[in-house]
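Enquirer: Here you go, one structure.
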Amino acid sequence: MISNEYKALRHDLRRKNITKKRRQILVIVVLVLISLFAVINLFSSEAFGAETHVEPKEVIVKNGDSLWNIASENSKGKDIRLVVNEIKKFNNLEDGNIYPGMIIMIPIEGY
């Protein structure tokens, strides 16, 4: 009977030790992830003050102009679809309709 109680107690202690070790490992993993996130943020360009700011370029829409051709002239190698979307957002244009004489601002990234 004593040996059965001893075995049960020993089993319970092992199980508690395993659970305790798992908690310790989980805490260590969480701390490593938090540290990694902090290091990544520390070395991001914003941490060094190299933030890019947007300076608008004014464009007067001419007859026959479209957002696509204006974006392609100002894309600087970026995907023209993205530039069209940036222009639409920057000018609060719900659709892509522009008209001759309209002044639109083109967001130009600068340093």
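The values are calculated or read from the model by the stated rules, or taken from the named source; none is laboratory data. These figures come from a predicted structure and were not determined experimentally. No Cβ is skipped: glycine too gets one built from the backbone with ideal geometry, and neighbour counts run over all protein chains shown.
Enquirer: For segment 86-99, what are the residues that are within 12 Å of residue 68 (Cα to Cα) and surrounded by 15 or more Cβ atoms within 10 Å (Cβ to Cβ)?
Expert: Scanning segment 86-99 gives 86, 87, 88, 98.
Enquirer: Where residues in segment 44-70 are of a type outside the set (Val, Ile, Thr) and either assigned to a strand (DSSP E or B) or touching an Asp or Glu at 6+ places or on another chain (Cβ under 8 Å) (or both), which of them is modelled with the highest pLDDT?
Expert: Top of the filtered list is 58.
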